[in-house]
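Notes for the one structure printed next.
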Amino acid sequence: MTHVPKLDRREQILMVLANELENNLGSPITTSSLASAIGFSEAALYRHFASKSQMFESLINFAEQSVFSSINNILKQEKNSVIQIQKITYLILTFSERNPGVTRVLIGDVLLGENKKLHARTAHFFERIETQIRQILREANLSDGPRPISNIDAITNQVLSYIEGKLSYFVRSTFIKKPTEHMDIQWEVMKKGFFR
């Protein structure tokens, strides 16, 4: 019989927090309600995390590690700039779909009244995506493949607005409207406007 390792307490807390964020839209997540959902005392929570902000920060770290390591893999495996941007977009939308509670943190939905540092971290998450897309477009201008039709900054902004809009719509729809819904058709339309 194989032994399945138990989740460490920090991971368990973060999984329950993400689940609570997904299932309790519109309700504040307090350390008391989180402790109750896990079956811990609040004191036990504080042994693992100094504050709720630290828990949110760990969810942001999880998102960064997951998304940016996958982006690096895409860039290594795919050389066509159009496909790189398409796959990065799909990656982020899929990550959101699989992690609805984390998506609420990334778009700032649950960060009202929280530490300003958390808002800066989520802004930095999207700035890194923006920088990566801009870099891909700059490199595309120097290649023999498809090149951006217009202003690189305008295209970068459009792609990022699309991603952020899909994530916000997912949360606003109470996770009914999947971020990847219609992506193939929408990407074809955007691609025609972006590249020649």
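Descriptive notes on the structure:
- Criterion applied to SER150, SER161 was being among the hydroxyl-bearing types (Ser, Thr, Tyr) and farther than 18 Å from LEU106 by Cβ, and the one residue passing it is SER150.
- Residue match in the stretch 21-28 (condition: at pLDDT 90 or above and in contact with a helix residue (DSSP H, G or I) (Cβ under 7 Å, 6 or more places away or on another chain)): yes
- Number of residues in the stretch 75-92 that are more than 13 Å from the chain's Cα centre (by Cα) and assigned to a helix (DSSP H, G or I) equals 10.
- Neighbours by Cβ (under 9 Å, 6+ apart or cross-chain): first from the stretch 39-52, within 18 Å of GLY113 (Cβ to Cβ) and surrounded by 14 or more Cβ atoms within 10 Å (Cβ to Cβ); second among the polar types (S, T, N, Q) and modelled with pLDDT of 90 or more: PHE49/SER58
- Among the candidates SER51, SER58, residue that is of a type outside the set (A, V, I, L, M) and more than 20 Å from the chain's Cα centre (by Cα): SER51
- Out of SER173, SER143, one residue alone is among the small types (Gly, Ala, Ser) and in contact with a helix residue (DSSP H, G or I) (Cβ under 9 Å, 6 or more places away or on another chain). It is SER143.
Table: residues versus (1) within 25 Å of HIS182 (Cβ to Cβ); (2) surrounded by 17 or more Cβ atoms within 10 Å (Cβ to Cβ); (3) touching a residue at least 60 places away in the same chain (Cβ under 8 Å); (4) touching a strand residue (DSSP E or B) at 6+ places or on another chain (Cβ under 8 Å).
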position: ILE92; (1), (2), (3), (4): yes, yes, yes, no
position: ARG98; (1), (2), (3), (4): yes, no, no, no
position: GLU114; (1), (2), (3), (4): no, no, yes, no
position: GLN132; (1), (2), (3), (4): yes, yes, yes, no
position: SER143; (1), (2), (3), (4): no, no, yes, no
position: THR156; (1), (2), (3), (4): yes, yes, no, no
position: LEU160; (1), (2), (3), (4): yes, yes, no, no
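- Answer from ILE60, ILE29 - the residue that is in contact with an Asp or Glu (Cβ under 9 Å, 6 or more places away or on another chain) and closer than 22 Å to GLU114 by Cα: ILE29
- Residue within the stretch 97-115 that is modelled with pLDDT of 95 or more, under 24 Å from PHE194 (Cα atoms) and either not in a helix (DSSP H, G or I) or not charged (D, E, K, R) (or both) present: no
The values are calculated or read from the model by the stated rules, or taken from the named source; none is laboratory data. Computed from a prediction, not measured in an experiment: that's the story for all the values here. As a convention, Cβ positions derive from the backbone with ideal geometry for all residues, glycine included, and neighbour counts pool all protein chains shown.
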